[in-house]
Amino acid sequence: MTWKPGDKPAASDSMIRVDQAGEFGAIRIYAGQLAIMGQRSPMARKISAMALQEEKHRAFFDRMIVERGVRPTLFQPFWDVAGFALGAVTAAIGPEAAMACTAAVETEIDKHYEEQLVALGDSDPELSEAIREFQAEELEHRDTALAHGAENAPAYPLMSVVIRLGCRVAIATAKRI
């Protein structure tokens, strides 16, 4: 279905744009982690599984961008590099730091998705249903990261605050640009 002006709430455009950018960023974080940790590291299977779910989320938002004529963020090249770098740096610190990154990102994404669901209400059932499903999977990622030592990472509280702040900045930027 091709959407026409007036078919959807205006707020859904920025939601789709920011969510597509966020899923792309998550995929790049996991790619950076796997580049450093390798495909055979003990955490590689967990990271790869989470990355596959992020790919599914991104495919949904890619489709929504096309079907609804939403302009993607202009910052995608930046998210490409920044996401990969964040993943690589945290993985270089160690597996617990990689998991701390995931826990921080997914904590912020849970909050972000919850705010979107409240804002959407009943106005866009297709988008709300997807966000609800993806939110549950993001919480699984957070819980996996916590179960695999995220809180044991060096300077975990500081790392978590900095990464979560970065997520908030990225979300605010992608909503508009």
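Quick notes
- Given +1 at the Cβ of Lys and Arg, -1 at the Cβ of Asp and Glu and no other charges, the dipole of segment 36-116 around its Cα centre is 300 debye to the nearest 20.
- If you sort 75, 24 by accessible surface, 1.4 Å probe, largest first, the order is 75, 24.
- The figure for residue 36 is an accessible area of roughly 90 square angstrom, using a 1.4 Å probe on the protein chains alone.
- Think of the chain as a dipole: +1 on every Lys or Arg Cβ, -1 on every Asp or Glu Cβ, centred on the Cα centre; then among 118, 53, 167, 167 lies furthest on the positive end.
- Helix-only mean residue ellipticity at 222 nm for the chain, each DSSP H run of n ≥ 4 adding -39500 (n - 2.57), per residue, nearest 500: -28000 deg cm²/dmol
- In order through segment 156-165: 3J(HN,Hα) via Karplus (6.51 cos²θ - 1.76 cosθ + 1.60), integer Hz, x for Gly, Pro: 3, x, 5, 4, 4, 4, 5, 5, 5, 4
- Identified option (computed P(r) over Cα pairs in 5 Å bins from 0, in percent; candidates (1) 1, 8, 17, 22, 22, 16, 10, 3, 0; (2) 1, 7, 14, 16, 14, 11, 10, 9, 7, 5, 3, 1, 0, 0; (3) 1, 9, 18, 22, 20, 13, 9, 5, 2, 1, 0): (3)
- Think of each Lys and Arg Cβ as +1 and each Asp and Glu Cβ as -1; about the Cα centre, that makes the dipole of segment 59-175 roughly 540 debye.
- Rounded to the nearest 20, the size of the Cβ-charge dipole of segment 106-177 about its Cα centre is 540 debye, with Lys and Arg at +1 and Asp and Glu at -1.
- Multiplying the residue separation of residue 62 and residue 41 by 0.36 nm and subtracting their alpha-carbon distance yields 4.5 nm.
- Whole-angstrom gap from segment 37-114 to segment 119-160, using each part's C-alpha centre: 11
- Expressed as a whole percent, the accessible surface of segment 30-150 that belongs to carbon and sulfur atoms is 61, based on a 1.4 Å probe.
- Modelled spin-label separation between residue 117 and residue 52, with each label point placed 7 Å from Cα along the Cα-to-Cβ direction: 2.5 nm.
- Given charges at Cβ of Lys, Arg, Asp, Glu: the chain dipole, positive-most of 94, 109, 64: 94
- Accessible area of residue 169 (1.4 Å probe, protein heavy atoms only, ligands and nucleic acids ignored): about 80 Å².
The values are calculated or read from the model by the stated rules, or taken from the named source; none is laboratory data. Just so it is clear, the structure is predicted and the values come from calculations on it, not from any experiment. FYI the Cβ positions are ideal-geometry reconstructions off the backbone, even for glycines, and counts take in every protein chain you see. Areas reflect the complete protein model, heavy atoms only, side chains present, ligands, DNA and RNA absent. Shrake-Rupley method; radii C 1.70, N 1.55, O 1.52, S 1.80 Å.
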